[in-house]
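S.K.: Sharing a structure, written as structure tokens. Questions coming.
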Amino acid sequence: MTTLHLMALTLVGALPARTRDDRGDVPGWVLVTVMSAGIVGVLTIVAQDELSSLLRRALRQVQ
């Protein structure tokens with residue numbers, strides 16, 4: 001069957017029209033984003049001093 005023939009059959013109602021949901025999994029991505037931000041926030045609070053000293057040491061070695 002050609003594309004034109006399939007389109008005609010769909011318009012007439014002989015074939016069911018395929019509906020496509022392009023939204024994706026929005027709540028899942030929101031959850032992943034919020035959880036990632038939470039992990040980064042907690043790690044920043046817990047390890048802030050160590051991360052600061054690590055950055056200072058790395059910058060001193062570059063200079």
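The values are calculated or read from the model by the stated rules, or taken from the named source; none is laboratory data. Just so it is clear, the model here is predicted, and its values are computed rather than measured. Quick note on the areas: whole protein, heavy atoms, side chains included, nothing else; ligands and nucleic acids left out. Shrake-Rupley method; radii C 1.70, N 1.55, O 1.52, S 1.80 Å.
S.K.: Mind checking whether some residue in the range 25-39 is among the acidic types (Asp, Glu), at pLDDT below 70 and open to solvent by 70 Å² or more (accessible area, probe 1.4 Å)?
M.R.: Our first condition is that a residue be among the acidic types (Asp, Glu); within the range 25-39, this holds for 25.
Among the residues that remain, those that are also at pLDDT below 70 are: none.
No, the range 25-39 contains no residue that is among the acidic types (Asp, Glu), at pLDDT below 70 and open to solvent by 70 Å² or more (accessible area, probe 1.4 Å).
S.K.: Has the range 6-18 got any residue that is part of a loop (DSSP other than H, G, I, E, B), open to solvent by 100 Å² or more (accessible area, probe 1.4 Å) and modelled with pLDDT under 75? Step through it out loud before you land on a result.
M.R.: Just the residues of the range 6-18 that are part of a loop (DSSP other than H, G, I, E, B), to begin with: 13-18.
From what's left, open to solvent by 100 Å² or more (accessible area, probe 1.4 Å): 16, 18.
Next cut, modelled with pLDDT under 75 only: 16, 18.
Yes, the range 6-18 contains a residue that is part of a loop (DSSP other than H, G, I, E, B), open to solvent by 100 Å² or more (accessible area, probe 1.4 Å) and modelled with pLDDT under 75.
S.K.: Related question: For the range 46-53, indicate whether the set of residues that are of a type in the set (S, T, N, Q), at pLDDT 65 or above and open to solvent by 100 Å² or more (accessible area, probe 1.4 Å) is non-empty.
M.R.: Applying the first criterion (of a type in the set (S, T, N, Q)) to the range 46-53 yields 48, 52-53.
Subsequent filtering for residues that are at pLDDT 65 or above retains 48, 52-53.
Checking the rest, the ones that are also open to solvent by 100 Å² or more (accessible area, probe 1.4 Å) come to 48.
The answer is yes, given that some residue of the range 46-53 is of a type in the set (S, T, N, Q), at pLDDT 65 or above and open to solvent by 100 Å² or more (accessible area, probe 1.4 Å).
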